[in-house]
1. Can you name the residue in segment 249-277 that is charged (D, E, K, R) and under 22 Å from the mean Cα position of the chain (by Cα) and is also most open to solvent (accessible area, probe 1.4 Å) among such residues?
2. Just the residues that are assigned to a loop (DSSP other than H, G, I, E, B), hydrophobic (A, V, I, L, M, F, W, C) and farther than 15 Å from Asp229 by Cβ, please, taken from segment 51-69.
3. Applying the selection to segment 262-278, what residues are closer than 29 Å to Asp344 by Cβ and in contact (Cβ under 8 Å) with a residue 40 or more places away in the chain?
4. I'm checking my understanding of the structure. Among residues of segment 320-333 that are of a type outside the set (Val, Ile, Thr) and more than 18 Å from the chain's Cα centre (by Cα), which one is least open to solvent (accessible area, probe 1.4 Å)?
5. Only one of Ala336, Ala346 is touching a His at 6+ places or on another chain (Cβ under 7 Å), closer than 26 Å to Val58 by Cα and modelled with pLDDT of 95 or more. Can you tell me which?
6. Taking the options Phe196, Phe137, Phe173, Phe208, name whichever one is out of contact with any Ser or Thr (no Cβ under 8 Å at 6 or more places or on another chain), over 25 Å from Val82 (Cα atoms) and of a type in the set (Phe, Trp, Tyr).
7. Could you list, in sequence order, all residues of segment 183-205 that are open to solvent by 40 Å² or more (accessible area, probe 1.4 Å) and touching a residue at least 40 places away in the same chain (Cβ under 8 Å)?
8. In segment 241-261, what residues are more than 14 Å from Ala338 (Cβ to Cβ) and either without any contact (Cβ under 8 Å) to a residue 40 or more places away in the chain or of a type in the set (Asp, Glu) (or both)?
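The values are calculated or read from the model by the stated rules, or taken from the named source; none is laboratory data. As the structure is a computational prediction, the values presented were derived from the model and not from experiment. As a convention, Cβ positions derive from the backbone with ideal geometry for all residues, glycine included, and neighbour counts pool all protein chains shown. These area figures cover heavy atoms from the full protein model, side chains too; ligands, DNA and RNA do not enter into them. Shrake-Rupley method; radii C 1.70, N 1.55, O 1.52, S 1.80 Å.
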Amino acid sequence: MAAATEKLPQLKSAVDGLTEMSANEKSGFINLVSRYLSGEAQHIEWSKIQTPTDEIVVPYDKMANVSEDASETKYLLDKLVVLKLNGDLGTTMGCTGPKSVIEVRDGLTFLDLIVIQIENLNNKYGCKVPLVLMNSFNTHDDTQKIVEKYTNSNVDIHTFNQSKYPRVVAEEFVPWPSKGKIDKDGWYPPGHGDVFPSLMNSGKLDAFLSQGKEYVFVANSDNLGAIVDLKILKHLIQNKNEYCMEVTPKTLADVKGGTLISYEGKVQLLEIAQVPDEHVNEFKSIEKFKIFNTNNLWVNLKAIKKLVEADALKMEIIPNPKEVDEVKVLQLETAAGAAIRFFDNAIGVNVPRSRFLPVKATSDLLLVQSDLYTLVDGFVTRNKARTNPTNPAIELGPEFKKVKNVGSLCRISKYKVSHSNCNPASEARACNFNLKYIQRQNDSNILVVTLK
């Protein structure tokens, strides 16, 4: 580390010569690298960790309901901005563009559903909730073309780019673009913790404040459960909470997810990377740490402005080493959830699992396209005919990137797919699958789908 620290002036000099970066990006990147090289990291003393009380992680069902008075609803919505994280590509699911343009149901994409939801609110209550998309350099150009289709909708759509940082060649500790790697592989978006300074630097934050907006609801564009919730918004406004993280009960599938803890009088996010080795199994337990972060965040706009201007958002750095084109590189990232400990009167809210419906893989898409879910007015909701509270276990290889004609899964407990003619794997990657060949295995609730 000492040798790397000595190379910081060399790194700064090289970054100064990268014309592709703005002044804000250069200073943000150097600040991040300097913090990393200094070895700064919050040391968690395990004995000081406490389980948050209901005042810190508020049960959703204890929050006051919003009255049926439409004027109160309009009052709340007039203070809101919806921001979707739109920086990911859909390559793992057979899409070459932004992930948000993948079709979810009935020919509608993630982005279509988001626009429909907000437009319904604006039409019903006479408000102007804007939609903001934080793109990365990977998704910006395509997104700008895609949003043109919504020109006539009753939703003001804004876009801005998160920062573009250079990957660092690990061996020499220099920016890869300064060594001639000028294509997209030489760069990376530094995680969604960058949402706060990038929103500020874009000018959008000041513009929304001037319009009387107070809160931004931040969520992943692929989380179909992340819809505007008036109960949460009302609670935050009434209690002057600067930050709120939605958490939900942990299952065995979520054991690696970050959780909220009380630590030295403040609420903060605890990630598995911060846990000492001897306590990892305890962290993964659903008995002690019963909730996890959904990455649905509600944040006060004035508080963001204050903290960004003071350079006070120093979230834990996530080192992400990679090998690209046989070159070992390092990228440093931050997560938006880790910012919770810097905001005053921050809380969590323990929400129903229905508010966490991410589509991260083709197997997830298969579920939401099946009869396990229904689509009404842009909202994807679980079919009440499914009495089992958990979804079927999906066994689907990575070679399957697209789904269509999904059959009934409502009474299925396990779902396996095999392919008889897709060999080798390179050929399989191009295959869609059509669920025509379905057999029950031993008359049980396990489907075996053989694609011929």
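1. Keep residues of segment 249-277 that are charged (D, E, K, R), which gives 250, 254, 256, 264, 266, 271, 277.
The next check asks that each one be under 22 Å from the mean Cα position of the chain (by Cα); those that pass are 250, 254, 256, 271.
Details: Lys250: 17, Asp254: 18, Lys256: 138, Glu271: 64 Å².
Here the residue is Lys256.
2. Filtering segment 51-69 down to residues assigned to a loop (DSSP other than H, G, I, E, B) leaves 51-56, 63-69.
With hydrophobic (A, V, I, L, M, F, W, C) added as a condition, the list becomes 56, 63-64, 66.
Listed by number, the list holds a single entry, Ile56.
3. First, pick out the residues of segment 262-278 that are closer than 29 Å to Asp344 by Cβ: 262-275.
Selection gives Ser262, Tyr263, Glu264, Lys266, Val267, Gln268, Leu269, Leu270, Glu271, Ala273, Gln274, Val275.
4. Here the answer is Gln331.
5. On the way: Ala346 fails: touching a His at 6+ places or on another chain (Cβ under 7 Å).
Every option except Ala336 fails the conditions.
6. Details: Phe196 fails: over 25 Å from Val82 (Cα atoms); Phe137 fails: over 25 Å from Val82 (Cα atoms); Phe208 fails: over 25 Å from Val82 (Cα atoms).
Just a single option satisfies the conditions, and that option is Phe173.
7. We begin by selecting, within segment 183-205, every residue open to solvent by 40 Å² or more (accessible area, probe 1.4 Å); these are 183-185, 192, 197, 201-202, 204.
Once the filter is applied, which keeps residues that are open to solvent by 40 Å² or more (accessible area, probe 1.4 Å) and touching a residue at least 40 places away in the same chain (Cβ under 8 Å), segment 183-205 yields Lys184, Asp185, His192, Pro197, Asn201, Ser202, Lys204.
8. Once the filter is applied, which keeps residues that are more than 14 Å from Ala338 (Cβ to Cβ) and either without any contact (Cβ under 8 Å) to a residue 40 or more places away in the chain or of a type in the set (Asp, Glu) (or both), segment 241-261 yields Glu242, Glu246, Leu252, Ala253, Asp254, Val255, Lys256.
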